[in-house]
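Student: Can you read through this structure? Questions will come right after.
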Amino acid sequence: MQAESRKQYLRGMGIDVWVLRGQQPEEEVSLPVGSGVILGPGGGDILLLCRDAAESASRIAADVARSLDCEPIWSWPAPGEEGQTLELEEAIEKRLITRVLVFGRGLHEPGLGSPDGFVGKARMIQTKSLNELAGDHSARKALWLALYENHWCAERARTS
């Protein structure tokens, strides 16, 4: 039996399946065109789009936020929710966002942004999810390098 089908079999029998954090596959989260995002606190020109509010409170999220040259605005998908949600391009326009960092596969759907790395008028960088970054040294290194090369890092990070 393959690993995934074994897990499904055990879950079906009501047996809890334990998986090591570093080996847990990430679910793809999609942000369909026209669905909204919830904006968290922050006031800079960088929007950080992650899976959910809990992910934005993680240790790796704090490390990423501290490395940036301004206080970021955290956001996460809110498909089907009403109220405080905005479409991504509307949020970019209203909050004068010039940079978007997308954490995770599947958050960048066709139509969300162009292939040249832009969402509306904002420059976009896409990386692995925050959970994957926490367990993958090479992915973190690639993210720090991308932030540095695009001049998104705080001055203190550029000189060290």
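Student: What lysines does Lys141 reach when the alpha-carbon gap must be under 26 Å and sequence neighbours fewer than 8 apart in one chain are set aside?
Tutor: Lys128
Student: Follow-up question, since we're still on this one. Whose amide H sits under 5 Å from the amide H of Val37, counting only residues 5 or more places off or on another chain, with H placed in the peptide plane?
Tutor: Those lying under 5 Å, H to H, from Val37 are Ala78, Leu86, Glu87, Leu88.
FYI, it's all coordinate maths here, none of it is from the lab. All values derive from a computational prediction rather than experimental measurement.
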